[in-house]
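Any read-out appearing in this document is the output of simple, stated calculations on the displayed coordinates, not a laboratory observation. Keep in mind that what you see is a predicted model, and the values were worked out from it rather than measured. Because the Cβ atoms are built from the backbone with ideal geometry, glycine has one as well, and the counts that use them run over all protein chains shown.
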Amino acid sequence: GLRVPDDMSVIGFDDIPAAAQFYPALTTVRQPLHQMGRSAISTLLAQIAGIEPVSPQVSLKTEIVTRSSTAVPK
C-alpha cells in the first residue's frame, strides 16, 4: 500500500536505459562505464608488462540522475 515517491523514495544503481521508462521514472546512480573499462584494460596491460599498479583500487566519479522516484522527506 505504499506509494513512490509519496511514502518512500527509491533509487537504483547503474542507470540502465529502462530506468527512465518506469513509472515513476527511477532515480539512479550512473557509473562511468567507459572509464571503468579503460582503467581495467590499462591495469591489465600494466600487469602483463610487469608494472605494479600505482594503487590497488581506482576511484571514479559517479553521478546521481534524479527522476521522479524520489522526493524531499516529509
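Translational diffusion coefficient, Stokes-Einstein: compute it for the chain using the Kirkwood radius over C-alpha pairs as Rh, at 25 °C and 0.890 mPa s, and state it as an integer in µm² s⁻¹.
In µm²/s, the coefficient rounds to 167.
Give me a comma-separated list of calculated 3J(HN,Hα) values for the range 31-44, in order, Karplus coefficients 6.51, -1.76, 1.60 applied at θ = phi - 60°, integers in Hz, x for any Gly or Pro.
9, x, 4, 5, 4, 4, x, 4, 5, 5, 5, 4, 5, 4
With each pseudo-label sitting 7 Å past Cα toward Cβ, what's the residue 47-residue 68 distance in nm, one decimal?
Modelled inter-label distance: 4.5 nm.
For residue 40 paired with residue 8, estimate the spin-label separation in nm (one decimal), with each label point 7 Å from Cα along the Cα-to-Cβ line.
About 3.2 nm separates the two model spin labels.
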